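Student: Mind having a look at this structure? Questions to follow.
The values are calculated or read from the model by the stated rules, or taken from the named source; none is laboratory data. On a predicted model such as this, the values are computed, not experimentally measured, just so you know. So basically every Cβ, Gly included, is an ideal-geometry build from the backbone, and we count neighbours across all protein chains shown. Accessible surface areas use protein heavy atoms only, side chains included; no ligands, DNA or RNA. Shrake-Rupley method; radii C 1.70, N 1.55, O 1.52, S 1.80 Å.
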Amino acid sequence: MKNISLPFHTKLAMVLVSIISLIYIAILGETILAPFMFSFLLALLLLPLANFLEKKLRFKRSLSSIVSVVVMLFGIGSIMYFFAHQLSDLWQDWPLLKTQVTNTFHEAQEWINHTFHVDAEKQLKYINDTATGALAKSATVLGTTLLTVSSTMLFLSFILLFTFFILNYRRILFTFLTSVFKEEHANKVKDIIEQIQYIIKKYITGLFLQMVIVTILMVGILSLLGVKYAILLGLVAGIFNLIPYLGIFTALAISVLITFATAGGAKVLLVLITFIGVHALDGNILMPLVVGSKVKINALIAFIGIVVGEMIWGIPGMFLCIPYLAIMKIIFERVDPLKPWAILLGEEQHEKKPRKVYRITKKIKLEEKD
């Protein structure tokens, strides 16, 4: 049977329909697919621990999976408890924050009155009208908040369950992936799976190490500068740094608001300079050292992936985009028709230029000696 070569416009239409269908399925199945994608990454990270418990300590497969998930849950719970403790300290200073915000509000009123000639009564009238509209929608906002909290709890529950199931049935999943393809491709499939496991484990480990280093740097510098809530601000910077490119700006906005409410404008400038310095250090040294060497995705594709991930799944999509782009790159590199897409996802390769001038000069010197 002869291979039929399809026209370009037919191939393009098939590719576009496939992409649109996948995105539509991803949007419809967000409740299941988003936590499953997270669980897959966490299972790869916990796989060495599960194998150690199973092979060295003779745990059963189910028990080793449960213990691994409990260890992960304990680690996440410890971080959340520490973060909540820092927030409680911030809550105790609420009267001070309220006073600072009130003074700032009055100063802003005077500046608006002096600059735009809008008196305080008109400003208050506009604020009251806005507040009235906001209160009218308070029931909707409250309902949305409760729905968000319940969705988050459901999301976390799914992550724990899926992580356990993936660890417990990992041999079945591996056998399925190697059996679904033809026997002649078995070695290539095994190689892809091993590379994905290695790269993702190194990526998540590097990302966690990067978060710890950024947190320590921020806490240390802000403490030396005498900024209040240095530990809280450093923790916010480290956690939000997990979102590439956009997370640092979110952390900066939160830190500037808290610092302005507690210490005024002078400390805000110090916090701003600290964030810029640490971010420059992180982007040029830490990121290439502990993360960039593991996941070589160029900045353009990474930024597009973050935006598309946010459009499809919101914040979870922003977290998931980089590791799954790395998985796609690993697959593309090992499938010949898809290698051009791997080049598009990767970074530019800088070839070393031959030192022709040095060689020619050395040859002339040797000839002169002869």
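Student: With the condition kept exactly as written, say whether any residue in the stretch 227-234 is among the charged types (D, E, K, R) and in a helix (DSSP H, G or I).
Tutor: First, the residues of the stretch 227-234 that are among the charged types (D, E, K, R): 228.
Now restrict to residues that are in a helix (DSSP H, G or I): none.
So far as the stretch 227-234 goes, no, none of its residues is among the charged types (D, E, K, R) and in a helix (DSSP H, G or I).
Student: Please identify the pairs in which a residue from the stretch 39-57 that is of a type in the set (Val, Ile, Thr) has its Cβ atom under 6 Å from the Cβ atom of a residue that is modelled with pLDDT under 90 and not in a helix (DSSP H, G or I), counting only partners at least 6 apart or on another chain.
Tutor: Nothing qualifies.
Student: Here's a check for you: in the stretch 25-73, which residue that is surrounded by 14 or more Cβ atoms within 10 Å (Cβ to Cβ) and among the aromatic types (Phe, Trp, Tyr) is nearest to PHE158 (Cα to Cα)?
Tutor: PHE36
Student: Let me ask something else. What is the residue count in the stretch 323-347 for residues that are of a type outside the set (A, V, I, L, M) and not in a helix (DSSP H, G or I)?
Tutor: Number satisfying all stated conditions: 2.
Condition check ((1) modelled with pLDDT of 90 or more; (2) within 25 Å of PRO323 (Cβ to Cβ)) across all residues:
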residue	(1), (2)
LYS11	no, no
LEU16	no, no
LEU53	yes, yes
SER68	yes, yes
SER78	no, yes
ALA84	no, no
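Student: So, of the residues in the stretch 197-233 that are more than 17 Å from the chain's Cα centre (by Cα) and open to solvent by less than 20 Å² (accessible area, probe 1.4 Å), which turns out to be farthest from ILE79 (Cα to Cα)?
Tutor: VAL227
Student: Now for a different question. Could you say whether any residue in the stretch 166-185 is at pLDDT below 85, open to solvent by less than 40 Å² (accessible area, probe 1.4 Å) and at negative phi?
Tutor: Checking the stretch 166-185: at least one residue is at pLDDT below 85, open to solvent by less than 40 Å² (accessible area, probe 1.4 Å) and at negative phi.
Student: While we're on this one: Looking at ILE20, ILE76, which one is open to solvent by 100 Å² or more (accessible area, probe 1.4 Å) and in a helix (DSSP H, G or I)?
Tutor: Unique residue meeting the criteria: ILE20.
Student: What are the residues in the stretch 248-295 that are assigned to a loop (DSSP other than H, G, I, E, B) and modelled with pLDDT of 80 or more, if any?
Tutor: Once the filter is applied, which keeps residues that are assigned to a loop (DSSP other than H, G, I, E, B) and modelled with pLDDT of 80 or more, the stretch 248-295 yields nothing.
Student: Of VAL101, VAL118, VAL149, which residue is at pLDDT below 70, outside any helix (DSSP H, G or I) and over 30 Å from PHE332 (Cβ atoms)?
Tutor: Residue meeting the stated conditions: VAL118.
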